[in-house]
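Each remark here refers to the structure printed beneath this line.
The values are calculated or read from the model by the stated rules, or taken from the named source; none is laboratory data. As the structure is a prediction and not an experimental result, all values here were calculated from the model. Neighbour counts run over all protein chains shown; Cβ positions are idealised from the backbone, glycine included.
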Amino acid sequence: MMDERKIVRLRETLIDGSRPGAAAAGAVTITGDGVVVGDGNRVVVIKTEKVIRRVRAVPVPGDEHITEAQVAKLHELVRQIVEMEQLVKRSPASKDRVWGALNRRMCVGAMRMIPVEKFPAAEKYLREWLGRLNSTKTAVKRDPEHQKKRIIAIQTVMKRHGLEERVRGYMRKTFCCGSLKELDHEALERVYRYSMRIKGVDGQ
């Protein structure tokens, strides 16, 4: 241990060095957080660092949130949207942008936190987005499968929602035709919009 005389000299050195205009050999200046250790002949400054730990909360979905099967459906719709965006837009929306838009619409921070009762609304939102893309003239020109996709969509609505008689009745009355494959592009688009509309009105 240092004797009292060395402790006094160390204290005087530190005090003198802190006085304005009194900087001299052996003076010590300390900035920031630190610990000073000395024996009168030498001074060692040990710098200490503050460690800040940030804990990120990770949402954990439960039974009240959408199922894995529903998650898979949303993933497929987003994939189709991104594909069509790249096909018809000069500045297409990225996958992250589509997911972000859906999450904001559903008022959640992550897709898996969508309440199970809101799944129909989430699916409808994405299908409407996809429908708008598929209806553009650019999509018709660039997508060789456009006509086929429209027919499949109409047939799915007719079978899944029991609307075949109504849709075919509309086709015969409006276009004098009962076959989807015989319709031209404009007529097929009208039948598509009609089938989507009555599906929504019936709440099915």
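Of note:
- Residue among 153, 139, 122 that is small (Gly, Ala, Ser), touching a Gly at 6+ places or on another chain (Cβ under 9 Å) and closer than 29 Å to residue 70 by Cα: 153
- Odd one out for residue 107 among (1) at negative phi; (2) surrounded by fewer than 15 Cβ atoms within 10 Å (Cβ to Cβ): (1)
- When residue 140 is tested against the conditions (1) assigned to a helix (DSSP H, G or I); (2) of a type outside the set (Gly, Ala, Ser); (3) at pLDDT below 85; (4) exposed (fewer than 13 other Cβ atoms within 10 Å of the Cβ), the lone failure is (4).
- Within the stretch 182-203, residues that are of a type outside the set (A, V, I, L, M, F, W, C) reach partners that are outside any helix (DSSP H, G or I) and modelled with pLDDT under 80 with beta carbons closer than 9 Å, at six or more positions or on different chains, in the pairs 189/135; 192/135; 193/135.
- Residue match in the stretch 118-126 (condition: in a helix (DSSP H, G or I), of a type in the set (Gly, Ala, Ser), in contact (Cβ under 8 Å) with a residue 12 or more places away in the chain and closer than 27 Å to residue 197 by Cβ): yes
- Per-region count, the stretch 68-104, residues touching a helix residue (DSSP H, G or I) at 6+ places or on another chain (Cβ under 7 Å), surrounded by fewer than 16 Cβ atoms within 10 Å (Cβ to Cβ) and either more than 30 Å from residue 144 (Cα to Cα) or not assigned by TED's automatic domain parsing to the domain that holds residue 137 (or both): 0
- The stretch 128-163, residues that are among the hydrophobic types (A, V, I, L, M, F, W, C) and either in contact with a helix residue (DSSP H, G or I) (Cβ under 7 Å, 6 or more places away or on another chain) or outside the structural domain of residue 178 (by TED's automatic domain parsing) (or both): 129, 130, 133, 139, 140, 151, 153, 154, 157, 158, 163
- Once the stretch 44-67 is narrowed to residues that are in contact with a helix residue (DSSP H, G or I) (Cβ under 6 Å, 6 or more places away or on another chain) and modelled with pLDDT under 90, the residue that is nearest to residue 145 (Cα to Cα) is 61.
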